[in-house]
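Visitor: I have a structure I would like to understand better, so I am pasting it below and will then ask my questions one at a time.
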Amino acid sequence: AARPARRAARKPTAPLPDGETAFSPWTPKGGLERKALDSLDDPRAARTVRRVLTAGIRAEGPVHRDRLVRIAAGAFGLSRVSEARRDALLRLLPDGVLDGDFAWPESLDRAAWTGFRRQAASADRPLEHVAPEEVGNAMAALCRAAGELAEDELFVRTAEVFGHRRRTPSLAPLLQAALTRALDAGRLVRSESGLLLAA
C-alpha cells in the first residue's frame, strides 16, 4: 500500500523587512524581428525597440544597462550585444532614465525609494547588476529589523538577500560602496561603538 505522503512541517514565516519584495526577472515576449535592431534610424523600428527597453525598465528598474540591453536584444533573437550596439540602444532611452550604469523607471522617486528585491540565487542578478541604492535600502531594512549590526554581519546578511551564500572578495567593494552611499544619504548612521543603525 502506498504510504501517505508526509506533510513537511511549515516553518513560521518571519515578517518581511520594510520595503522587501521578491525579485522577479523580466522575460519579454520574444519573436520580434531582428532587423529592427539593425535599422534604428527608421523611426518605426526605433519605436519598437524603445517600447521593449521601456517595458524592461518598468519590470526590473532600477536595472543595470548591460542587463537591460542583453534581455531586450534577446527579444529580437540576438544573444550577444557589442558595445557599439549597446550604446545605440541606450541612446533610445528618454533623458534622465539612465543614471550611471542603471536605468530607472521615470515614476520612481529615487530619493524616497526604500525598496529592495530579495533573490534566491546570485545567478538571477549578480550583485554588480544591483543598484547601490537598492543594496543600501536592504542594509537599512536589515539594521532596522535587528536594531543595530556590526559592519561585517551587515555585509553577510546583505549578501544573503541578493542570493550570495558566502561572501567572496569580489563582493566587498560593492557592499562597501553601497554602505558609503547609504551613510552619505543619511539612511544609516554609525554609532560611537562602530555599529550601524537605520536612521
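The values are calculated or read from the model by the stated rules, or taken from the named source; none is laboratory data. Everything numeric here is computed off the predicted structure, so don't read it as measured data. Cβ coordinates were reconstructed from backbone atoms using ideal geometry, including for glycine residues, and neighbour counts include every protein chain displayed. Protein only, heavy atoms only, side chains kept; ligands, DNA and RNA dropped before computing areas. Shrake-Rupley method; radii C 1.70, N 1.55, O 1.52, S 1.80 Å.
Visitor: Residues of the range 173-195 being over 20 Å from residue 113 (Cβ atoms) and not polar (S, T, N, Q), which ones?
Guide: Of everything in the range 173-195, those that are over 20 Å from residue 113 (Cβ atoms) and not polar (S, T, N, Q) turn out to be 173, 190, 192, 194, 195.
Visitor: Let me ask you something else. Where residues in the range 91-130 are among the aromatic types (Phe, Trp, Tyr) and part of a loop (DSSP other than H, G, I, E, B), which of them is least open to solvent (accessible area, probe 1.4 Å)?
Guide: Filtering the range 91-130 for residues that are among the aromatic types (Phe, Trp, Tyr) and part of a loop (DSSP other than H, G, I, E, B), the one least open to solvent (accessible area, probe 1.4 Å) comes out as 104.
Visitor: Follow-up. Are any residues in the range 72-90 surrounded by fewer than 16 Cβ atoms within 10 Å (Cβ to Cβ) and free of Cβ contacts under 8 Å to residues at least 40 places away in the same chain, and if so, which ones?
Guide: Of everything in the range 72-90, those that are surrounded by fewer than 16 Cβ atoms within 10 Å (Cβ to Cβ) and free of Cβ contacts under 8 Å to residues at least 40 places away in the same chain turn out to be 79, 80, 82, 83, 84, 87.
Quick grid of which residues meet (1) crowded, with 17+ Cβ neighbours inside 10 Å; (2) in contact with a Cys (Cβ under 9 Å, 6 or more places away or on another chain); (3) without any contact (Cβ under 8 Å) to a residue 24 or more places away in the chain; (4) not aliphatic (A, V, I, L, M):
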site	(1), (2), (3), (4)
139	yes, no, no, no
147	no, no, no, yes
179	yes, no, no, no
183	no, no, yes, no
186	no, no, yes, yes
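Visitor: Still on this model: Under 9 Å by Cβ, and 6 or more places apart or on different chains, what pairs join a residue from the range 5-34 that is closer than 22 Å to residue 130 by Cβ and modelled with pLDDT under 75 with one that is β-branched (Val, Ile, Thr) and not in a loop (DSSP other than H, G, I, E, B)?
Guide: So the pair list comes out as 17/161.
Visitor: What is the one condition in (1) open to solvent by 50 Å² or more (accessible area, probe 1.4 Å); (2) touching a residue at least 24 places away in the same chain (Cβ under 8 Å) that residue 154 does not satisfy?
Guide: Of the numbered conditions (1) open to solvent by 50 Å² or more (accessible area, probe 1.4 Å); (2) touching a residue at least 24 places away in the same chain (Cβ under 8 Å), the odd one out for residue 154 is (1).
Visitor: Continuing with the same structure: Filtering the range 80-117 down to residues that are among the aromatic types (Phe, Trp, Tyr) and modelled with pLDDT of 95 or more, which residue is nearest to the chain's Cα centre (by Cα)?
Guide: 116
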